[in-house]
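Here's the structure, in structure tokens; my notes come after.
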Amino acid sequence: VDAYQAWCGPCKTVVDLFRKVRNEVSSDLLHFAVAEVDSIDALEKYRGKCEPIFLFYTRGELAAVVRGANAPLLQKTILKQL
């Protein structure tokens with residue numbers, strides 16, 4: 001989940017990375033989503049940050065968090081979580 005704030009929008013720079021990984025992995029287990037933290041109370045602790053935050057869930061539980069648009073770390077985390 002790309003967790004963002006309305007004033008800065010979702011992280012568009014990693015969309016291509018997500019598409020690439022999705023095409024390479026081709027797994028039904030892999031889903032990408034965006035969430036505006038300003039309108040979701042459960043994500044309140046991620047408000048006020050000016051860096052993108054990526055949340056990784058497994059079986060409905062938060063499994064990993066990556067702060068910043070670090071493409072190699074994001075790709076590594078995605079593959080590790082699968």
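Values quoted throughout were computed directly from the atomic coordinates according to the rules given, and no laboratory measurement underlies them. Every value quoted in this text rests on a predicted model; they were computed, and no experiment measured them. Reconstructed Cβ throughout: ideal geometry from the backbone, glycine too, with neighbour counts over all protein chains shown.
Just want to confirm a number: the relative contact order over the range 2-81, from Cα pairs under 8 angstrom separated by 6+ residues, in percent.
Numbers: 90 pairs, mean separation 25.6, N = 80.
Across the range 2-81, relative contact order equals 32 percent.
Under 5 Å from the amide H of Ile40 lies no amide H of any residue 5 or more positions distant or on a separate chain, with H modelled from the backbone and absent for Pro and chain starts. Each Lys and Arg Cβ is given +1 and each Asp and Glu Cβ -1; about its Cα centre, the range 2-81 then shows a dipole of about 300 debye. Summing Lys and Arg as +1 and Asp and Glu as -1 over all other residues whose Cβ lies under 12 Å from the Cβ of Leu17 gives a net charge of +2. Which of these values of Rg/Rh (Cα atoms, Kirkwood Rh) was calculated from the structure shown: [x] 0.94; [y] 1.28; [z] 1.06? Correct label is [x].
Considering only DSSP beta bridges with both partners in the chain, what is the antiparallel share in %, to the nearest 5? Walk me through the numbers on the way to the answer.
Working: 8 of 11 bridges.
In the chain, DSSP labels about 75 percent of beta bridges as antiparallel.
The H on the amide N of Ala63, modeled in the peptide plane, is under 5 Å from the matching H of Phe56, Tyr57, Thr58, each at least 5 residues off or on a different chain.
Springs between Cα atoms under 10 Å define the GNM used for the chain, and in it the highest mean-square fluctuation of Arg67, Arg19, Arg59 occurs at Arg59.
The C-alpha atoms of the chain define a longest principal axis, and helix 71-81 lies at about 70 degrees to it.
Here's the list of lysines a cross-link from Lys12 could span, going by alpha-carbon distance under 21 Å and ignoring same-chain residues fewer than 8 apart: Lys20, Lys49, Lys76.
Think of the chain as having a plus end and a minus end, set by charges on the Cβ of Lys, Arg, Asp and Glu; of Thr77, Val34, Trp7, Thr77 sits farthest toward the positive end of this dipole. Sequentially through the range 18-25, phi angles give Karplus couplings (6.51, -1.76, 1.60; θ = phi - 60°) of 4, 4, 4, 4, 4, 5, 6, 7 Hz, Gly and Pro residues having no value and appearing as x.
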